[in-house]
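Asker: Dumping the structure here so I can ask a few things about it.
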Amino acid sequence: MTHVPDRLFTTPLAQVPDFTFNEDVVRVFPDMIKRSVPGYPTIVENTGVLAAQFAQANSTLYDLGCSLGAVTQAMRRHVSHSGCKVIAVDNSAAMVERCREHLNAQDAMFQELLPVTVLEADILNLTLEPTSLVALNFTLQFIAPEQRLELLQKIRQALLPEGALVLSEKLRFNDAAEHDLLNELHLAFKRANGYSELEIAQKRRAIEKVMLPDSLEEHRERLYSAGFSQVVVWFQCFNFASLIARP
Ligand code: GEK
């Protein structure tokens, strides 16, 4: 796969449009997410490790908001339980098309991988099969806040006993000083990865109405309200974290 550098926000824009997962974004997505999300490669690879831990034979694993299928690929690298399959879902047609290409390339290189179905669908409208593992990797933050609880309830109801939800998100912090410090460190991470002040500012403007992060406390409360009984943070880097929620 060619690795196209993210230069989407390098030139000054008279008006910065709201961010969407269109073809321009899809083209640069692997570079963009790696340079923008601290800990992304660690979270993706270890979601595969967690999937192997919680997967049950003859069950379905979900990658909701799969983008190019990085988590699905990690699941396929780590899960070898018999009879398992992965359903990867995204509502961006451009993402789904490229995701299928990436997974076909993985199929061409490796044998005996879990079968995958990639669906172009809104995860809010999806009926979930009984599942041992659901990954929501940086997807919930793009769902309208008033629809987040209902989605988590649906996932909780579909989860088999002993299964798990892996939820990764950007966080905001109720304590202003903590919020500012971790935000500043995130900006330092982006600068260290070659983003200019202009790129950082224009990307922030594009995404601020589209991606709405919650605090850790809000996540915990919502997950418990949805019926989960255990919520554990297994990874945090600056203002990005990943949680395991158990039925
Ligand atoms: C990764 N998990 O590489 N239904 C389906 N898909 C949606 C919806 C929805 N309602 N809303 C947003 N998406 C990936 C990264 S990116 C995160 C996930 C980011 C999709 C959207 O089209 C996009 O592909 C994805 O969720 C969010 O591990 O770019 O920061």
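The values are calculated or read from the model by the stated rules, or taken from the named source; none is laboratory data. These numbers come from a predicted model, not from an experiment. Cβ sites come from the backbone with ideal geometry, for glycine too, and all protein chains shown count toward neighbours. Remember, those area values only see protein heavy atoms, side chains included, never the ligands or the DNA or RNA. Shrake-Rupley method; radii C 1.70, N 1.55, O 1.52, S 1.80 Å.
Asker: Quick one: pull the percent of accessible area on the chain belonging to carbon and sulfur, 1.4 Å probe, ligands and nucleic acids left out.
Answerer: 51 percent
Asker: How much length is gained on full extension from Leu185 to Ser82, taking 0.36 nm per residue of separation minus their Cα-Cα distance?
Answerer: Extra length available between Leu185 and Ser82 comes to 32.8 nm.
Asker: Per residue, what accessible area does segment 1-72 have, given a 1.4 Å probe and all protein chains present, in Å²? Each step should come with its number before you reach the end.
Answerer: On the way: 3290 Å² over 72 residues.
Using a 1.4 Å probe on heavy atoms only, each residue of segment 1-72 averages 46 Å².
Asker: Pairs to check: Lys34/Lys154; Lys154/Lys209; Lys34/Lys209; Lys170/Lys209; Lys34/Lys203. Give those whose C-alpha atoms are more than 18 Å from each other in this structure.
Answerer: Listed pairs above 18 Å: Lys34/Lys154; Lys154/Lys209; Lys34/Lys209.
Asker: Evaluate E = 1/(1 + (r/R0)^6) for Gln157 and Ile200, where r is the Cβ-Cβ distance and R0 equals 45 Å; express this FRET efficiency to the nearest 0.05.
Answerer: Plugging the Cβ-Cβ distance into 1/(1 + (r/R0)^6) gives 0.65.
Asker: Using alpha carbons only, how many degrees (0 to 90, rounded to 10) separate the axis of helix 197-207 from the longest principal axis of the chain?
Answerer: Result, in degrees: 50.
Asker: Out of all DSSP beta bridges with both ends in the chain, state the antiparallel percent to the nearest 5.
Answerer: Of those bridges, close to 35 percent are antiparallel.
Asker: Further question on the same structure: What distance in nm separates the simple spin-label points at Val210 and Asn193, each placed 7 Å from Cα in the Cβ direction?
Answerer: 1.6 nm
Asker: Continuing with this model, one more query. Quick query: amide H of Leu160 versus all other amide H atoms, modeled in the peptide plane; which residues come in under 5 Å with a sequence gap of 5 or more or a different chain?
Answerer: Under 5 Å from the amide H of Leu160: Thr131, Ser132.
Asker: Now a separate question. How would you classify the chain from its alpha-carbon gyration tensor, with a ≥ b ≥ c the square roots of the eigenvalues: rounded for a/c under 1.5, else prolate if a/b is greater than b/c, otherwise oblate?
Answerer: oblate
Asker: Subtract the Cα-Cα distance of Ala105 and Glu120 from 0.36 nm times their separation in residues, and report this length gain in nm to one decimal.
Answerer: Length gained, Ala105 through Glu120: 3.5 nm.
Asker: As a test of the formula, what do you get for the chain when each DSSP H run with n ≥ 4 contributes -39,500 (n - 2.57) and the sum is divided by the residue count, at 222 nm and rounded to the nearest 500 deg cm²/dmol?
Answerer: -14000 deg cm²/dmol
Asker: Could I ask something else about it? Going 7 Å from the Cα of Glu178 along its beta-carbon direction, which residues of segment 207-237 have the amide nitrogen within less than 14 Å of the resulting point?
Answerer: Answer for this model: 214-221, 233, 236-237.
Asker: Against the longest alpha carbon principal axis of the chain, how many degrees, from 0 to 90 and to the nearest 10, is the axis of helix 40-54 turned?
Answerer: Taking Cα atoms only, the helix is inclined about 10 degrees.
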